[in-house]
Amino acid sequence: MRLFLGLIPYLAMLIGLHVLGSAWISFLIYHGLVMVAVWRDADLQGELLRGWNSLVGLGAIGFGIGGGVLIYVLAPFAGIDAALINPAIAKLGLTGTGWLLFVIYHTFANPWFEEILWRGKLRSDSPWPVWSDALFAGYHVLVLMLFLEWLWVVLAFVILIAAGWLWRQLRRRFDGLLVPVMSHLAADGSIMFVVYMLSLQK
């Protein structure tokens, strides 16, 4: 059962992005199945608003923002610009206002679903990297391969394993998901903001 839950985003990305060519459908499948998996678990849902620590939380938010900064710094070397981004997102149905709405949804909704699944439902209290850290990072490959050369995809995979491990340790340390959610939100928000701004450049 745990392995099936870990494969939910893989199924969603394969169907939504690679078969139907729709980013919105991929998220509908992903987030919908996560809701089905956790809807009767009130204790787990409560973890989303539990475990805040101001000092560590602000540091974790800074770590998340670093994701966007890293994308901005590496963008010229990775060839991430409007000429790359716009044709790729257009194939996924993301143009005009729809692209902006997706950026907003990805920023403010996705982290809650991600954390309740990966660090909640699939929690592990191990201080060492575990299979769910790699599985969390791995599904992003199905997205990144549409935009980046494999060298950069591998680099992102390694960074995402580290992020998944860190967010899992924060949940373990503070017995709640709020710090990981806020850090994840900062990461998604900063990355999506940078990518959106790069997509607007002429």
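Readers should treat all values here as calculations from the given coordinates under stated rules, not as data from a laboratory. All values reported here derive from a predicted model rather than from experimental measurement. Note that we place each Cβ from the backbone using ideal geometry, even for glycine, and neighbour counts take in every protein chain shown.
The table below gives the values:
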| quantity | calculated |
| --- | --- |
| Percentage relative contact order, the chain, counting C-alpha pairs under 8 Å, at least six apart | 39 percent |
| Per principal axis, descending, Cα span of the stretch 90-137 in whole Å | 44, 20, 13 |
| Tail weight of P(r) past 15 Å, computed on alpha-carbon pairs of the stretch 17-72, percent | 70 percent |
| Additional length obtainable on full extension of the chain from MET145 to ASP175, 0.36 nm per residue less Cα span | 7.3 nm |
| Highest average packing first - 116-128, 30-42, Cβ atoms within 10 Å | 116-128, 30-42 |
| Only Lys, Arg (+1) and Asp, Glu (-1) charged, at Cβ; the chain dipole about Cα centre in debye | 160 debye |
| Cα pair distances exceeding 28 angstrom across the chain, given as percent | 23 percent |
| Mean Kyte hydropathy of 0.5 or more with a Cα span along the axis of at least 15 Å, helices from DSSP in the chain | 2-13, 23-38, 54-78, 96-108, 131-144, 150-174, 178-200 |
| Estimated 222 nm signal from helices in the chain, with DSSP H stretches of n ≥ 4 weighted -39500 (n - 2.57), rounded to 500 | -24000 deg cm²/dmol |
| Computed lengthening from VAL19 to THR95, 0.36 nm per intervening residue step minus Cα-Cα distance | 25.5 nm |
